[in-house]
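Input: a single structure, listed below in structure tokens.
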Amino acid sequence: MIASSELILNPDGSVYHLNLKPEHIANDILFVGDQNRVEKITKHFDSIEFSQQKREFKTQTGTYKGKRITVMSTGIGPDNIDIVMNELDALVNIDLKTRTIKDTLTSLNIIRIGTSGSLQANIPCDSIVLSQYGLGLDNMLRSYLIDDISEIAMEDAFIKHTHWDLKKGRPYVIKGSEMLEKRMESDKIFKGITGTAGGFYGPQGRVLRLGIQDPALNDKMDSYEFAGVKMANLEMETGAIYGLGKLMGHQCLSLNAIIANRATGAFSEDPYKAVDALILYALDKLAQ
């Protein structure tokens, strides 16, 4: 039995942070960072059966073209992903009444829909990037046993290429779901490695009043390549989603609307249109 201090439930029996019960979620789940983006997706639904919000975690479940889908805001960063992934997994794979792990485990399909800036000149604004790999620059996932699921050769090559300072912890690389990649791909999609930073400013090379440990890191990441796969973009969630998903047995994929190109200095003329296009693209692929 899992202790009450480890799996915290609300008085109504829902999981603590998400405030959800098992019947509230679908098998296909879309993640967004911003709670305000949830309804930008569900406005396209045929119907909404359930809506809940606690803190930054907003959840709506409904149907789109006959397909039952849940949309959930995770907030920003790997620490929030740790909460969301563990509590989602508990909803489907732990009996919340007996606090025991179920004999038959359920695998969820989880697709992140985000915005990002591309790191390569050939990935233009308003395009879509599919993350074949998540490269985690945070240390959250290192609290788990990940050696059997991480791409160690890619990690070693990244450390060597960037002269990574291991005082910051060892980067990790996790492959996304090949099943969802095939389901979501088309000739409109760009693929690559998505870097996941543990913060927005210093960890992503931004300098305001504080100096940073490696001012050249972004340029080094731009030129990193392994087996023909290059860094495509940098954000704050993908690596953590991929790692926890793979450990738990869930299928996870990250899609990003590119609203800026750092290599060329370009910015989308209509970033909201780019996000809406990605939303409809993902919904239609799921509903097929």
Amide H neighbours of Glu49 under 5 Å, counting only residues 5+ apart in sequence or on other chains, H built in-plane at 1.01 Å? Thr61, Gly62, Thr63
Leaving ligands, DNA and RNA out of it, work out the accessible area of Glu185 with a 1.4 Å probe and give it in Å² to the nearest 10. 70 Å²
Taking only protein heavy atoms and a 1.4 Å probe, the highest-to-lowest accessible-area order of Arg112, Arg183 is Arg183, Arg112
For the residue pair Glu225 and Met179, what label-to-label distance in nm results when each label sits 7 Å from Cα along the Cα-to-beta-carbon direction? 3.3 nm
Decide, for region 86-199, between rounded, prolate and oblate: order the square roots of the alpha carbon gyration tensor eigenvalues as a ≥ b ≥ c, take rounded if a/c falls under 1.5, and otherwise choose prolate if a/b is larger than b/c, else oblate. oblate
Which label marks the calculated value of P(r) over Cα pairs in 10 Å bins from 0, in percent, given the options [x] 6, 29, 36, 21, 7, 0; [y] 7, 29, 25, 17, 12, 7, 3, 0; [z] 6, 26, 32, 23, 10, 2, 0? [x]
Say a paramagnetic label sat at a point 7 Å from the Cα of Met1, along Cα to Cβ; which residues of region 83-126 have their backbone N under 16 Å from it? 95-102
Let me know the shape class of region 4-159, please: from the alpha-carbon gyration tensor, a ≥ b ≥ c as square roots of the eigenvalues, rounded when a/c is under 1.5, otherwise prolate if a/b is greater than b/c, or oblate. oblate
Value at 222 nm in deg cm²/dmol, rounded to 500, when DSSP H runs of n ≥ 4 in the chain each add -39,500 (n - 2.57): -7500 deg cm²/dmol
Given charges at Cβ of Lys, Arg, Asp, Glu: region 55-111 dipole, positive-most of Ile83, Leu96, Thr70: Thr70
Order Val207, Val129, most accessible first, counting only protein heavy atoms with a 1.4 angstrom probe. Val207, Val129
Note the angle between two axes, namely the Cα long axis of helix 271-287 and the longest principal axis of the Cα atoms of the chain, as a number of degrees from 0 to 90, rounded to the nearest 10. 50 degrees
Heavy-atom accessible area ranking, 1.4 Å probe, most first, across Ser51, Ser116, Ser186: Ser51, Ser186, Ser116
Please list, ordered by chain and number, the residues whose modelled amide H lies under 5 Å from the amide H of Tyr16; skip anything fewer than 5 residues away on the same chain. Ile8, Asn10
Distance check, please: which entries in Lys230/Lys285; Lys21/Lys67; Lys43/Lys273; Lys191/Lys273 exceed 23 angstrom between their Cα atoms? Lys230/Lys285
Pull out a ≥ b ≥ c, the square roots of the eigenvalues of the alpha-carbon gyration tensor of region 142-216, then state rounded if a/c is under 1.5, prolate if not and a/b is larger than b/c, and oblate in the remaining case. oblate
Under 11 Å from a label point 7 Å along Cα→Cβ of Asp34: give me every residue in region 179-216 with its amide N that close. none
Extended-chain gain in nm, criterion 0.36 nm per residue less alpha-carbon gap, His163 and Leu105: 16.8 nm
Nearest-0.05 FRET efficiency for Lys43 and Arg170, computed from C-beta distance (R0 41 Å): 0.45
Ignoring ligands and nucleic acids, what accessible area does Leu166 show with a 1.4 Å probe (Å², nearest 10)? 110 Å²
Per residue, how much accessible area does the chain show when a 1.4 Å probe rolls over the protein heavy atoms, in square angstrom? 46 Å²
When the accessible area of the chain is computed with all protein chains present and a 1.4 Å probe, what percentage of it is carbon and sulfur? 52 percent
Net charge around Thr104, counting only other residues with Cβ within less than 15 Å of its Cβ (Lys, Arg = +1; Asp, Glu = -1)? -2
If you plug each phi of region 84-100 into the Karplus form 6.51 cos²θ - 1.76 cosθ + 1.60 with θ = phi - 60°, what whole-Hz ³J(HN,Hα) values come out, in order, with x for Gly and Pro? 5, 5, 5, 6, 4, 4, 4, 4, 9, 10, 10, 6, 5, 7, 8, 6, 10
What is the calculated FRET efficiency for Ile152 to Ile212, with r their C-beta to C-beta distance and R₀ = 22 Å, to the nearest 0.05? 0.25
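The values are calculated or read from the model by the stated rules, or taken from the named source; none is laboratory data. A quick note: this is a predicted structure, and the numbers were derived from the prediction, not measured. Virtual Cβ from ideal backbone geometry, glycine too; neighbours counted across all protein chains shown. What goes into the accessible areas is simple: the full protein's heavy atoms, side chains included, and nothing from ligands, DNA or RNA. Shrake-Rupley method; radii C 1.70, N 1.55, O 1.52, S 1.80 Å.
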